[in-house]
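Student: Right, I'll just put the structure down here and ask away after.
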Amino acid sequence: MPRRSLLVFGLIAGCIGFDQGTKRLAVLHLLGARPINLLFGIVRLSYAENTGAWGSLGSHWPPLLKQLAFVIAPGLLLFMMLVFLLTRRGLNLPTILAYSMIVGGGASNLLDRVRAGAVVDFLYVGVGWLGTNIFNVADVAVVAGVLLLLVSGRPDVIVRAES
């Protein structure tokens, strides 16, 4: 169990550190600047603050509802995932990695919401009319964690009750 705890907290800290570091760079170099196009415009670096969820969903909700939906509920869910990670026996390495990335990315965005009331986003990927919403490294960690759960053949641990 101590080795698992070190791995889990190390991955979570790594996700938070990398995400917060890249957001700091975005603030320093992209805030108030023109977007930077990379790879023939497929990747664009552009500063944005998101007070809602993915794609600014809920950004115009009343403050109390936003606090509940974007701070309290996710905070409780992340805490439950962390407890699951640290106490559930028999988790394989891909599952531990996946949940750690989800918790780390979620915690980093939650930290932004608590500290500043908004999440810093700065990445966009797209070609022509087909593209993503603007996102950040924490979002990548969460999506990568979910995909890892799916491809590792263990998505059932998301919804399966304790046996």
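Student: Could you count how many residues in segment 90-126 are in a helix (DSSP H, G or I), of a type in the set (Gly, Ala, Ser) and surrounded by fewer than 19 Cβ atoms within 10 Å (Cβ to Cβ)? Walk me through it before giving the result.
Tutor: Here is the first cut: in segment 90-126, the residues in a helix (DSSP H, G or I) are 93-116.
Then drop every residue that is not of a type in the set (Gly, Ala, Ser), which leaves 98, 100, 104-108, 116.
From what is left, the residues that are surrounded by fewer than 19 Cβ atoms within 10 Å (Cβ to Cβ) are 116.
Qualifying residue count, segment 90-126: 1.
Student: Are there any pairs with C-beta distances below 7 angstrom linking a residue in segment 34-46 that is in contact (Cβ under 8 Å) with a residue 40 or more places away in the chain and under 11 Å from GLY126 (Cβ atoms) to a residue that is outside any strand (DSSP E or B) and of a type outside the set (A, V, I, L, M), with the two at least 6 apart or on different chains, and if so which?
Tutor: Between residues of segment 34-46 that are in contact (Cβ under 8 Å) with a residue 40 or more places away in the chain and under 11 Å from GLY126 (Cβ atoms) and residues that are outside any strand (DSSP E or B) and of a type outside the set (A, V, I, L, M), the close pairs are ARG44/PRO35.
Student: Could I ask something else about it? Could you tell me which numbered condition LEU82 fails, if it satisfies all but one of (1) part of a helix (DSSP H, G or I); (2) exposed (fewer than 13 other Cβ atoms within 10 Å of the Cβ)?
Tutor: (2)
Student: Read through the list (1) free of Cβ contacts under 8 Å to residues at least 40 places away in the same chain; (2) of a type in the set (Gly, Ala, Ser); (3) in contact with a Leu (Cβ under 7 Å, 6 or more places away or on another chain), then give the number of the only condition that SER100 fails.
Tutor: For SER100, the exception is condition (1).
Student: If the requirement is being free of Cβ contacts under 8 Å to residues at least 60 places away in the same chain and touching a strand residue (DSSP E or B) at 6+ places or on another chain (Cβ under 6 Å), which of these qualifies: THR132, THR87? I'd like the intermediate steps shown before the answer.
Tutor: On the way: THR87 fails: touching a strand residue (DSSP E or B) at 6+ places or on another chain (Cβ under 6 Å).
Answer to the selection: THR132.
Conditions (1) polar (S, T, N, Q); (2) within 15 Å of ASP19 (Cβ to Cβ), marked per residue:
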residue: TRP54; (1), (2): no, no
residue: SER59; (1), (2): yes, no
residue: LYS66; (1), (2): no, no
residue: ALA98; (1), (2): no, no
residue: VAL103; (1), (2): no, yes
residue: LEU111; (1), (2): no, yes
residue: VAL140; (1), (2): no, yes
residue: VAL143; (1), (2): no, yes
residue: VAL151; (1), (2): no, no
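Student: Could you check, for segment 1-11, whether at least one of its residues is in a helix (DSSP H, G or I), within 16 Å of the chain's Cα centre (by Cα) and farther than 21 Å from VAL103 by Cβ?
Tutor: No, because not a single residue in segment 1-11 is in a helix (DSSP H, G or I), within 16 Å of the chain's Cα centre (by Cα) and farther than 21 Å from VAL103 by Cβ.
Student: So, in segment 18-63, exactly how many residues are of a type in the set (Val, Ile, Thr), in contact with a Gly (Cβ under 9 Å, 6 or more places away or on another chain) and closer than 18 Å to GLY131 by Cβ?
Tutor: Of segment 18-63, the ones of a type in the set (Val, Ile, Thr) are 22, 27, 36, 42-43, 51.
Cutting the leftovers down to in contact with a Gly (Cβ under 9 Å, 6 or more places away or on another chain) gives us 42-43, 51.
From what's left, closer than 18 Å to GLY131 by Cβ: 42-43.
Summing the residues that are of a type in the set (Val, Ile, Thr), in contact with a Gly (Cβ under 9 Å, 6 or more places away or on another chain) and closer than 18 Å to GLY131 by Cβ in segment 18-63 gives 2.
Student: Considering VAL27, VAL71, which residue is in contact (Cβ under 8 Å) with a residue 24 or more places away in the chain, under 17 Å from ARG115 (Cβ atoms) and touching a Lys or Arg at 6+ places or on another chain (Cβ under 6 Å)?
Tutor: Just one listed residue meets the conditions, VAL71.
Where a number appears in this text, it was derived from the coordinates with a stated rule and is not lab data. Nothing here was measured: the structure is a model prediction, and the numbers come from that model. Quick reminder, even Gly has a Cβ in these numbers, built from the backbone with ideal geometry, and neighbours come from all protein chains shown.
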